[in-house]
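First up is the structure itself, then whatever we jot down about it.
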Amino acid sequence: MKINLFGLPLSKMTEEFVSRGQTKFRAKQIFQWIYQKRVLDFEAMTDVSKAFRAELSRDFCLDLPKVFTRQDSEDGTVKLLLELEDGAKVETVLMPYSYGNAVCVSSQVGCNMGCAFCASGLLKRDRNLTPAEMVGEVMAINAILAETNQTVTHIDVMGTGEPFDNFDNVMDFLDIANEPFGLAIGARHITVSTCGLVPGIKKYGLDKRQFNLALSLHAPNDEIRREIMPVARAYPIDELLDALAEYQENGGRRVTLEYIMLRGLNDTKEACDELASAIKRHKVFALVNLIPYNEVKEKPYRRSDRDQVRFFADRLQKQGINATIRKEFGSDIDAACGQLRVKMKKKEGEQDA
Ligand code: SAH
């Protein structure tokens, strides 16, 4: 089996090449060819000796996922369904913000967390994504952006999957993303979103890397949280918020608390006040990001009225909690997490039947 170079952070590639008698700088050169010049043909890498080019072709490859379908929204959102080597499919979304181009990266094929409102969970996790496959998601979006001389500037690991259930691969991927000779994305422009695996949050907090953290909270108390997120049975809110406070003591910056607004369930005045007091009680430095729910046909939940979302945000602000309302992207395409993949799987199922 050839090793896919897209899966190796600079440190690991350097180690690999040095063990083959190359200089320490060889990996940097290769990084520049593949990520900066986007040259994927070993033979074209003219500053590498002929002998090592032959060795590269023999033992390594530069494989990227194939674009299986592409949906373009009127607002500039692009949603790709990528096909991986084993035929598995994952979604990647480009979200053009005013401040830059963010990619929402999937970290697993399917997801096991089973959140009641989420389309991804309709299909169980098949496997973890490799670092090369996650790099491939960003490369696929970069290829589209290259047409207009742009590149990806922000990465959110917020697509399908639970990143802390695939910790090491996600970190290798983000090292490649953050590497100046690699995808060259600043640590502050990288965010990992977790459904709340406390051991993962602790590990992330102790790590030397300086990426951002987002937590999908979605509820002000355990009762509501358990109803919509099975993970809440393992980790109560008090434990979660304490883990966030501890993360911040270890040097972590402001965390984003994601909060999907579900009509009549977690969007009431009482829920708002309970949320504000929990954040204050645990002394978490947080930005609450209220997310308009993207309704999923197979699920019973409904999105909150726009006025209610505004009211909730204002009421949090009045209690001294920073709150924003997430901009919606691609509402005219299958934008909700996992929707495109579910639709495709169903089609495949129909064909198989
Ligand atoms: N497992 C991680 C990352 C993937 S989910 C996590 O839970 O954070 C990314 C975000 O999208 C989460 O906040 C998730 O709750 C939210 N989400 C899932 N389905 C959604 C939907 N239909 N509409 C809006 N947000 C959704």
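A few notes on this one:
For every residue, the table says whether it meets (1) in a loop (DSSP other than H, G, I, E, B); (2) among the aliphatic types (A, V, I, L, M).
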position: ALA177; (1), (2): no, yes
position: ARG188; (1), (2): no, no
position: GLY196; (1), (2): yes, no
position: GLY200; (1), (2): no, no
position: LYS208; (1), (2): yes, no
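- Condition check for ASP63: surrounded by 15 or more Cβ atoms within 10 Å (Cβ to Cβ) and more than 20 Å from the chain's Cα centre (by Cα): yes
- Count - residues of region 200-253 that are of a type in the set (Lys, Arg), at pLDDT 95 or above and surrounded by fewer than 20 Cβ atoms within 10 Å (Cβ to Cβ): 4
- MET134 vs. criteria touching a residue at least 60 places away in the same chain (Cβ under 8 Å) and either more than 16 Å from the ligand (Cβ to nearest atom) or assigned by TED's automatic domain parsing to the domain that holds GLY186 (or both): no
- For region 190-210, the set of residues classified as more than 11 Å from the ligand (Cβ to nearest atom) and more than 12 Å from the chain's Cα centre (by Cα) consists of VAL198, PRO199, ILE201, LYS202, LYS203, TYR204, GLY205, LEU206, ASP207, LYS208, ARG209, GLN210, listed by residue number.
Rundown of residues vs (1) away from the ligand (no atom under 13 Å from the Cβ); (2) modelled with pLDDT of 95 or more; (3) surrounded by fewer than 21 Cβ atoms within 10 Å (Cβ to Cβ), yes/no style:
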| site | (1), (2), (3) |
| --- | --- |
| VAL105 | no, yes, no |
| GLY114 | no, no, yes |
| ASP156 | no, yes, yes |
| THR160 | no, no, no |
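The values are calculated or read from the model by the stated rules, or taken from the named source; none is laboratory data. None of the values given here were measured: they were computed from a predicted structure. Neighbour counts are summed over all protein chains in view; Cβ atoms, including those assigned to glycine, are modelled from backbone coordinates with ideal geometry.
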